[in-house]
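Below is one structure, written out as C-alpha cells; comments come after it.
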Amino acid sequence: MKRLLHIAALLLVMGPCLGSCSDDTCYDNVSSLPLATFYLGEKQQQVSGLTIMGLDVPGDSLLASSSTLNEIYLPLRASVGSTAFTISRQVENGSYSAVLHDTVTFSYDAVPFFHSIECGAMYNFNIKRVEYTCNGIDSVVMMTTTVTNSKSPALRIYFSDFQL
C-alpha cells in the first residue's frame, strides 16, 4: 500500500512534466496574409504582365515584377489601419501595348492572436473595407472579412478582359 502511494505521488508530480514535453513543431503558416486569387471572366487563371507593390511602405515593397500569376499573398501592416497596393497589368495585342494601373486599399483592425507555444503569436486582420480603382480591374470580392493564417483565398480580383 505504501509502495502504491509512492508511485501515485511520483505520477502526480511527474505527470505535468511529461505532459508538457512536446516534439511538435510549428508547420502552420505563422503569418496572417490575405491570399488574393486572380480571375479573367468567371474562371481563376494565370494573368500575365503583373507588377504588384505596396504603397507608402518603407524599403522594397515589390511583390511581383512583370509576372504571370494566378494568386499572391498580400502582406498587411499591423502597425497601421490600412495598406494599399498598386497592381499594374501590361496588356498587348499585336503591335499595341498598354499598362493599366490600379490601386487596391484595405482598411482593417489588427487583432493580436496567440496561436500556440510552438508557433507563437501573430496578428489576425478584420477587414472593414476594400477600395479599388477600375482601370484594369473589373471588381474585387472579399471571400472572408477575417484574415487568419488559413491558406484559403481571402479575396478574388477580377480583371477586365481587354481587347486592344
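Points to keep in mind about this one:
- Cα gyration tensor shape for region 24-159, rounded if a/c is under 1.5, else prolate or oblate: prolate
- Here the calculated FRET efficiency for E118 and D60, from their Cβ-Cβ distance with R0 = 30 Å, stands at 0.50, rounded to the nearest 0.05.
- Sequence-ordered 3J(HN,Hα) estimates for region 54-63 from the Karplus curve with 6.51, -1.76 and 1.60 and θ = phi - 60° stand at x, 9, 6, 10, x, x, 6, 10, 6, 9 Hz, glycine and proline given as x.
- Sparsely packed chymotrypsin sites (Phe, Trp or Tyr not before Pro) within region 39-102, loop by DSSP, other Cβ within 10 Å at most 13: none
- Computed from the Cβ-Cβ distance with R0 of 25 Å, the FRET efficiency linking N70 to T103 stands at 0.75.
- Point-to-point label distance, S48-T145, nm (Cα→Cβ direction, 7 Å offset): 4.0
All of the numbers you see were taken from the coordinates with simple rules; none came from a lab. As the structure is a computational prediction, the values presented were derived from the model and not from experiment. Here Cβ is always computed from backbone atoms with ideal geometry, including for glycine, and neighbour counts include all displayed protein chains.
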